[in-house]
Amino acid sequence: MKNYLVLYDIFNTKRAYKIRKYLYKHTTGGQKSALEIPLDEKLSDKLIFKLNSYTKDIDKINIVKIYKNPILLGKASQLNIISNGVIV
């Protein structure tokens, strides 16, 4: 699994709630509209399909791969995730 940053800007409160609720099932951390999520190819496909079903043309969702050695500042720390999605 690789870590991704999912950033979203949803222009409807009900849609934003659905998306936030779905994403929080998978997140390892982040803030309200910027979440770090470990994804493999299967989960990535599922996540994209589900998010696409919730969004409208006015909404924005970006999924960005986090590099192996990101620049970490402040209290930030690298999360190690083994193949079955467990954080070590």
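Hey, can you tell me all the residues within segment 30-47 that are closer than 15 Å to ASP9 by Cα and surrounded by 11 or more Cβ atoms within 10 Å (Cβ to Cβ)? Spell out how you get there, then give the answer.
Start the filter on segment 30-47 by keeping residues that are closer than 15 Å to ASP9 by Cα, which leaves 30-35.
Within segment 30-47, GLY30, SER33, ALA34, LEU35 qualify.
For segment 48-59, a residue qualifies if it is exposed (fewer than 11 other Cβ atoms within 10 Å of the Cβ) and touching a residue at least 24 places away in the same chain (Cβ under 8 Å), and the qualifying residues are LYS56, ILE58.
Total residues in segment 1-59 satisfying the condition of being assigned to a strand (DSSP E or B) and either hydrophobic (A, V, I, L, M, F, W, C) or farther than 25 Å from PRO70 by Cβ (or both): the figure is 7. The set of residues in segment 1-41 being among the aromatic types (Phe, Trp, Tyr) and touching a residue at least 12 places away in the same chain (Cβ under 8 Å) consists of TYR4, TYR8, PHE11, TYR22.
Do you know which residues across segment 2-15 are over 14 Å from the mean Cα position of the chain (by Cα) and aliphatic (A, V, I, L, M)? Step through it out loud before you land on a result.
Narrowing segment 2-15 to residues over 14 Å from the mean Cα position of the chain (by Cα): 10-15.
The answer is ILE10, and nothing else.
Out of all the residues in segment 65-86, is one or more out of contact with any His (no Cβ under 7 Å at 6 or more places or on another chain), modelled with pLDDT of 80 or more and surrounded by 13 or more Cβ atoms within 10 Å (Cβ to Cβ)?
Start the filter on segment 65-86 by keeping residues that are out of contact with any His (no Cβ under 7 Å at 6 or more places or on another chain), which leaves 65-86.
If we keep only those that are modelled with pLDDT of 80 or more too, we end up with 65-66, 74.
If we keep only those that are surrounded by 13 or more Cβ atoms within 10 Å (Cβ to Cβ) too, we end up with 66.
Scanning segment 65-86, I find at least one residue that is out of contact with any His (no Cβ under 7 Å at 6 or more places or on another chain), modelled with pLDDT of 80 or more and surrounded by 13 or more Cβ atoms within 10 Å (Cβ to Cβ), so the answer is yes.
Taking into account only those residues within segment 3-29 that are farther than 14 Å from ASN52 by Cα and in contact with a helix residue (DSSP H, G or I) (Cβ under 9 Å, 6 or more places away or on another chain), which is surrounded by the fewest Cβ atoms within 10 Å (Cβ to Cβ)? Among them, the one singled out is HIS26.
The values are calculated or read from the model by the stated rules, or taken from the named source; none is laboratory data. All values derive from a computational prediction rather than experimental measurement. Methodologically, a virtual Cβ is constructed for each residue, glycine included, from the backbone with ideal geometry; neighbour enumeration extends over all protein chains shown.
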